[in-house]
Amino acid sequence: MATCLLLPIPSKPQNPNSPKHRHTKITTCSSSSSLTAQSQSAKRHLLSLISDQDRGLKTQRDPPKRASIVEAIDALAVLGRDTVTTGGSLSATWRMLWTTEKEQLFIVENARLFGTAAGDVLQVIDVENKTLNNVITFPPHGVFFVRSVIEIASPQRVNFRFTSAVLRGKNWEFPLPPFGQGWFETVYLDDEIRVVKDIRGDYLVVDRAPYAWKE
């Protein structure tokens, strides 16, 4: 609902000898609260759609569900199209809730083949230091992470370039060569979640993790 205010505007009296001015009231309205309400409603709808999708594993086998989720993402993107999402609020440890990224989902689904299970899947972004880590955890001690450098390209787009990758266990570490570069756009960002589209047409929904991941 829009926020409206009644503002008194002084007007000239019809009788020049009148000691007082008359006032006319005009109504001004703001749509900011309406936009916020729409965004919150659209966000709740998206989170409801992905809540039972096992981070995207189930969605891979359900094209109609995927289409519904992408439609909900597009609706949020429209509401967030005039916002800046590449500022300091982008810096955080972000935890994956849902994605279409096949490589990440493959690892999450098949980690059991290596005698483990995937824990949190994270994006750790530091805008000031221009770094991005993509992280897949394998509790209690395992982790695979890819280091990147980033560059802000526009109000919503970030360019990135992979610089190294590491597979680490409790008492060992195996370095891997860097591979690739690209960009992602944060089409919606608030205090709780972030919604992303990337260069390959993949989608990602993350929330702010209750902890800060460190190497």
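Per-structure values
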{"read-out": "All strands (runs of 3 or more DSSP E) inside the stretch 160-215 with 1 or more residues being open to solvent by less than 40 Å² (accessible area, probe 1.4 Å)", "value": "181-189, 193-198, 203-208"}
{"read-out": "Which listed residue, of 59, 100, is more than 19 Å from residue 189 (Cα to Cα), surrounded by 12 or more Cβ atoms within 10 Å (Cβ to Cβ) and not aliphatic (A, V, I, L, M)", "value": "59"}
{"read-out": "Qualifying residue in the stretch 76-83 (condition: in contact (Cβ under 8 Å) with a residue 60 or more places away in the chain, of a type in the set (Gly, Ala, Ser), on the phi < 0 side of the Ramachandran plot and open to solvent by less than 60 Å² (accessible area, probe 1.4 Å))", "value": "yes"}
{"read-out": "Members of the stretch 148-159 that are open to solvent by 50 Å² or more (accessible area, probe 1.4 Å), touching a residue at least 24 places away in the same chain (Cβ under 8 Å) and assigned to a strand (DSSP E or B)", "value": "152, 157, 159"}
{"read-out": "Selected residue [more than 17 Å from the chain's Cα centre (by Cα), of a type in the set (A, V, I, L, M, F, W, C), closer than 25 Å to residue 158 by Cβ and at pLDDT 95 or above] from 76, 105", "value": "105"}
{"read-out": "Counted residues, the stretch 103-118 - those being without any contact (Cβ under 8 Å) to a residue 40 or more places away in the chain, open to solvent by less than 30 Å² (accessible area, probe 1.4 Å) and either in contact with a helix residue (DSSP H, G or I) (Cβ under 9 Å, 6 or more places away or on another chain) or among the acidic types (Asp, Glu) (or both)", "value": "1"}
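The values are calculated or read from the model by the stated rules, or taken from the named source; none is laboratory data. What you see is a predicted model, and the numbers here were worked out from it, not measured in a lab. Note: ideal-geometry Cβ built from the backbone for every residue, glycine included; neighbour counts use all protein chains shown. These area figures cover heavy atoms from the full protein model, side chains too; ligands, DNA and RNA do not enter into them. Shrake-Rupley method; radii C 1.70, N 1.55, O 1.52, S 1.80 Å.
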